[in-house]
Each structure stands twice: as structure tokens, then as C-alpha cells.
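The structure appears right after this line, and notes come after that.
Read-outs: derived from the displayed coordinates by stated rules, not from any lab. Computed from a predicted structure; not experimentally measured. Every residue, glycine among them, receives a Cβ derived from its backbone with ideal geometry; neighbour counts consider all protein chains shown.
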Amino acid sequence: MADEWVVWRQDDNGNRYVVRRLESREEAEKLAAELEARGHKQLYWVVAPER
């Protein structure tokens with residue numbers, strides 16, 4: 001994928017992982033919000049494509 005938005009996760013120990021790469025910001029933000037709503041101690045955020 002050329003321009004992909006990346007959803008990242010950080011767990012309660014500070015470890016960071018790529019969750020998924022998506023083609024649109026809308027899809028990425030939706031996924032991050034759904035994962036965040038589960039109420040676990042993880043932090044989720046979206047990173048824009050590199051230009």
C-alpha cells in the first residue's frame with residue numbers, strides 16, 4: 001500500500017505494536033476508537049502516511 005494509515009497500540013508495559021495498516025484515515029480512526037472502547041489498559045492511536 002502506498003498511502004496507508006497505521007493504527008498503533010501501546011500496552012500497559014510500554015510496548016508498542018502496529019495493529020493494522022489501512023487505506024483511509026476514517027477506517028483507521030474507527031478501528032482505534034473501537035479498540036479503545038473495549039476498556040483495556042492499552043492506548044491506541046493513528047499515524048498518518050509518510051509523504
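In table form, for the structure just shown:
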{"item": "Sequence ranges 6-12, 44-50, ranked by mean other-Cβ count within 10 angstrom, highest first", "result": "6-12, 44-50"}
{"item": "Between helix 25-36 and the chain: long-axis angle, C-alpha atoms, 0 to 90°, nearest 10", "result": "10"}
{"item": "Mean residue ellipticity (222 nm) of the chain, computed from DSSP H runs ≥ 4 via -39,500 (n - 2.57), nearest 500", "result": "-7500 deg cm²/dmol"}
{"item": "Long-range amide H partners of E23 with built H, under 5 Å", "result": "W5"}
{"item": "Space enclosed by the convex hull of the alpha-carbon atoms of the chain, per residue, Å³", "result": "58"}
{"item": "Mean Cα-pair separation over length for the chain, i.e. relative contact order, pairs under 8 Å, 6 or more apart, %", "result": "46"}
{"item": "Among 13-19, 28-34, the order from most to least packed when residues are scored by Cβ within 10 Å on average", "result": "28-34, 13-19"}
{"item": "Antiparallel %, DSSP beta bridges [both residues in the chain], to 5", "result": "100"}
